[in-house]
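The values are calculated or read from the model by the stated rules, or taken from the named source; none is laboratory data. Computed from a predicted structure; not experimentally measured. Quick reminder, even Gly has a Cβ in these numbers, built from the backbone with ideal geometry, and neighbours come from all protein chains shown.
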Amino acid sequence: MFCAAAIAGRDRRQNTGSENMKKWGGTLFLFGVGSIVLYYLNMEFIVLAWIDHWGATVGWTIRIGLAVVGGLMWLLGKPAEKPA
């Protein structure tokens, strides 16, 4: 029995936890580093505009924390296995 996904040639395999961790880690890293760069351009991501409301130290801690935690998640996430 074929489903529409099989007919369209899509892979029905679900993402594993490590693949999701790698994707989320990359996203957090980009937001952290991007926020640092945009800070020096007097700009900010809309979703991160709240981080400086508690002071500059807390804002920088969040920015650096996003970059470090995101980078670690991306590095520790196992690479996706290729089908045989």
Run down Ala80, Ala56 and say which single residue is at pLDDT below 90 and over 15 Å from the mean Cα position of the chain (by Cα).
Ala80
Starting from residues that are of a type in the set (A, V, I, L, M, F, W, C) and in contact (Cβ under 8 Å) with a residue 24 or more places away in the chain, keep the ones in the range 32-61 and report whichever is farthest from Lys22 (Cα to Cα).
Ile36
